[in-house]
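Some notes on the structure that comes next.
The values are calculated or read from the model by the stated rules, or taken from the named source; none is laboratory data. These figures come from a predicted structure and were not determined experimentally. All Cβ positions, glycine included, derive from the backbone under ideal geometry; neighbour counts span all protein chains shown. Only protein heavy atoms, including side chains, enter the accessible area calculation; ligands, DNA and RNA are left aside. Shrake-Rupley method; radii C 1.70, N 1.55, O 1.52, S 1.80 Å.
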Amino acid sequence: MSMLTPPGMGGKYRITGDKYPRMRRPRNRRRTIVAMVASLVALGLAGWGTLELIDVFTGGTKKTSAAERGKDCTKAAAPSAPARSATLLKPAKIKVNVYNATKRGGLAKETADELKKRGFTVGKVGNAPPEYDKKVKGPGMVLGAPKSVSEVLPVLGTQLRGAVQKADTRKGKDVDLILGTAFKSLTTKKDADKALAALARPAPAPSKKC
């Protein structure tokens, strides 16, 4: 009998050898389940916190319902603006005074003759007034009464690309085309006609953003 065998036990209960049997404690399944649940809860809270931070830094975009989106689309699809051609005058109804503010002679008459060929009515032709003589930078300047800003100046402006459009205190219907120091020639008739056609087209309707 081995020294490891308890007194009174023998036979098949006899312990042989010189090592003690290894006794394992039963696993605590409840503790394992609790740890797993805690881990899942922690992961869920971490994900929710991340979404909240993203919402804060992106301005908290609010989701709109289908009905609200429909209202927004209705507002965006407002009736289109009336055609621009309704407020623009034809070249034949525009009286243009042509003034030369450069050091080169003969430009005012040449320009006035070309404008007449293009259908404009020509008024005075000569040198620019002292307040503008040699003082107009760029290709030129188009001057008119405040009422002419929307219906006359844009039409005349198509004939000289880069010309500044400006209103002054005059009350008459005639407008001035002052040739500036960088003036070379009027816009080609082909390009001017394209610009006039673009002015006559209706303004685009607001786009739907749904």
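Residues in the range 126-148 that are more than 17 Å from residue 172 (Cα to Cα) and in contact with a helix residue (DSSP H, G or I) (Cβ under 8 Å, 6 or more places away or on another chain) were compared, and the one that is least open to solvent (accessible area, probe 1.4 Å) is 126. No other residue among 114, 151 is among the acidic types (Asp, Glu), modelled with pLDDT of 95 or more and surrounded by 13 or more Cβ atoms within 10 Å (Cβ to Cβ) apart from 114.
Taken over the range 116-150, residues that are under 30 Å from the mean Cα position of the chain (by Cα) and at positive phi amount to 1. Only residues that are open to solvent by 80 Å² or more (accessible area, probe 1.4 Å), more than 30 Å from residue 133 (Cβ to Cβ) and either among the small types (Gly, Ala, Ser) or modelled with pLDDT of 95 or more (or both) were counted across the range 68-106, and they come to 1. Scanning the range 162-197 for residues that are open to solvent by 40 Å² or more (accessible area, probe 1.4 Å), of a type in the set (A, V, I, L, M, F, W, C) and not in a loop (DSSP other than H, G, I, E, B) yields 164, 167, 196, 197. The lone criterion from (1) over 31 Å from the mean Cα position of the chain (by Cα); (2) of a type in the set (Gly, Ala, Ser); (3) assigned to a helix (DSSP H, G or I); (4) farther than 13 Å from residue 97 by Cβ left unmet by residue 108 is number (4).
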